[in-house]
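Read through the structure below, which is laid out as structure tokens, and then see the notes.
The values are calculated or read from the model by the stated rules, or taken from the named source; none is laboratory data. Quantities reported herein were computed from a predicted structural model and do not represent experimental measurements. Heads up, the Cβs are rebuilt from the backbone with ideal geometry, glycines too, and the neighbour counts pull from every protein chain shown. What goes into the accessible areas is simple: the full protein's heavy atoms, side chains included, and nothing from ligands, DNA or RNA. Shrake-Rupley method; radii C 1.70, N 1.55, O 1.52, S 1.80 Å.
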Amino acid sequence: MRSTKLIAVAAAATLVLAACGSDDATTDAPEAAGNACSNTIEDGVLTIATGNPAFFPWVIDDAPESGQGFEAAAALAVGEQMGYSGDAVTWVRTDFDAAIQPGAKDFDFNLQQFSITDERKETVDFSAPYYTANQAIVALNGSSAEGATSIADLKDVKFGAQAGTTSFAFITDVIQPTQDVFAYDDNVGAKAALEANQIDAAVFDLPTALYVSGVEIDGSSVVGQFPAAAGGTTDEFGLLLEKDSPLTPCVDAALQALTDSGELAAITNEWLSEFTGAPVISE
């Protein structure tokens, strides 16, 4: 078993080097990958972006440089596979909507739960998925959304979500409520509207939904989650890069290496495994 794992890790490292275009197969893997994946915006430094602020469980205490939280840990693991760690990694903050706009970026890759969509891929690059999330509903106790067991039960609920996200699209395309859907600039706005009883329920990805209900909004709960493929809307998160970035193959190879070695699964289990148990709403 140990030898099998070593073979898998070695193969994964070779994959990273091949994608990055290394000419020296005998060099130490991280150093070689760092030298080959050198098309960063700052020479010798990998610039990673996240939201402002960044929230648990994706980033702990809004401090991604600590490596605490699922996306912080995953980003640093990707960087290490590419040959960047310690002082060779720097973090910047971006607005969600600004990051997905076309044009030059001030980061090498960005992660803040960007769902991979065909529309977005017209203006930016995405890595292979690093996480697949399903959608969930958060409502205050006593909301009209409570007790729903099917989408039909949600038709008259007043929903809100962050504009431009798959959560918002899920409401409009899959739930299709009879009332207008409220759009907010970010999840902070959606949560504030829910707390103020301006909407009956909000839709988030499941990890965020359980954190919102368990930590941020007293008297709320996750009244239901949807199967990952409900309505054909599986929500896959990818690292976002500038369109046609030369780093995209390096990032993909790094993610593949982390998948093959089991490290990505371990990071997922550490930071997201507790988010289970919400009732499933059928179509």
Expressed in nm to one decimal, what extension gain is obtained for the pair Ser282 and Gln198 from 0.36 nm per residue of sequence separation less their Cα-Cα distance?
27.6 nm
Find out how many positive minus negative residues lie around Asp185, taking Lys and Arg as positive, Asp and Glu as negative, among other residues whose Cβ is under 14 Å from that of Asp185.
-2
Expressed in square angstrom to the nearest 10, the accessible area of Glu283 with a 1.4 Å probe stands at 140 Å²
Label-to-label distance, nm, for residues given as Asn52 and Val215 (7 Å Cα→Cβ offset)
2.2 nm
Would you kindly compute the Cα radius of gyration of the stretch 135-226 and its largest Cα-Cα separation (Dmax), both in Å?
11.2, 30
Just the accessible area per residue of the stretch 135-226, please: how many Å² with a 1.4 Å probe?
39 Å²
Tell me which lysines have Cα within less than 28 Å of Lys105's Cα, excluding those fewer than 8 residues away on the same chain?
Lys121, Lys243
Given a Förster distance of 35 Å, the FRET efficiency implied by the Cβ-Cβ spacing of Ala265 and Ala104, rounded to the nearest 0.05, works out to 0.55
Portion, in percent, of the accessible area of the stretch 135-226 that falls on carbon or sulfur, probe 1.4 Å
44 percent
At 1.4 Å probe size, put Tyr211, Tyr84 in order of accessible surface, largest to smallest.
Tyr211, Tyr84
Which value in nm describes the separation of the simple spin-label points at Ser150 and Ala128, placed 7 Å from the Cα toward the beta carbon?
3.9 nm
